[in-house]
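Take a look at the structure set out below.
The values are calculated or read from the model by the stated rules, or taken from the named source; none is laboratory data. If you're wondering where the values come from, they're calculated on a predicted model, not measured in any experiment. Here the Cβ positions follow ideal geometry from the backbone for every residue, glycine too, while neighbour counts run over all protein chains shown.
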Amino acid sequence: MEEKRENDRIAFVSMGIVDGQSETLSCSVENISCCGALIRMNSPVSGSLQQGDIIRLKAILLSPVEFQCKVTRIDADLIAVEFL
């Protein structure tokens, strides 16, 4: 199956924090594009984080940054987000 993306993803690893509705979780950003990111959680994704949730992703790129994101996919310890 061919993946159809409008924007290229840049692969890199950056430590981060996902600040959800009811909890804050450690993570690493696996790749990023201008529209979203793939995030690997340090443990399996808990039931408190659901597809469609609005979260804050705090990551260190060249300097600390914070993104407001919408969760678009959850797979075990991976979540995909779309920047809002």
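The residues on offer are ILE54, ILE79, ILE60, and the sole one that is β-branched (Val, Ile, Thr) and free of Cβ contacts under 8 Å to residues at least 40 places away in the same chain is ILE54.
Out of VAL13, VAL18, VAL29, which single residue is among the aliphatic types (A, V, I, L, M) and in contact (Cβ under 8 Å) with a residue 40 or more places away in the chain? So that I can check it myself, show each step before the final result.
Details: VAL13 fails: in contact (Cβ under 8 Å) with a residue 40 or more places away in the chain; VAL29 fails: in contact (Cβ under 8 Å) with a residue 40 or more places away in the chain.
From the options VAL13, VAL18, VAL29, the qualifying one is VAL18.
The set of residues in segment 18-41 being over 18 Å from ARG73 (Cβ atoms) and in contact with a Leu (Cβ under 7 Å, 6 or more places away or on another chain) is empty. When segment 17-33 is limited to residues that are of a type in the set (Gly, Ala, Ser) and not in a loop (DSSP other than H, G, I, E, B), the one that is modelled with the highest pLDDT turns out to be SER28. With respect to the conditions (1) assigned to a strand (DSSP E or B); (2) at pLDDT 90 or above; (3) touching a strand residue (DSSP E or B) at 6+ places or on another chain (Cβ under 7 Å), GLY52 falls short on a single one, namely (1).
Checked against (1) of a type outside the set (Lys, Arg); (2) surrounded by 12 or more Cβ atoms within 10 Å (Cβ to Cβ); (3) out of contact with any Cys (no Cβ under 8 Å at 6 or more places or on another chain), ILE54 passes all but a single condition, namely (3). Confirm whether SER14 is assigned to a strand (DSSP E or B), modelled with pLDDT of 85 or more and either of a type in the set (Lys, Arg) or surrounded by fewer than 14 Cβ atoms within 10 Å (Cβ to Cβ) (or both). Taking the combined requirement at face value, the residue does not satisfy it.
For segment 43-54, the set of residues classified as under 12 Å from the mean Cα position of the chain (by Cα) and closer than 16 Å to ASP75 by Cβ consists of VAL45, LEU49, GLN51, ASP53, listed by residue number.
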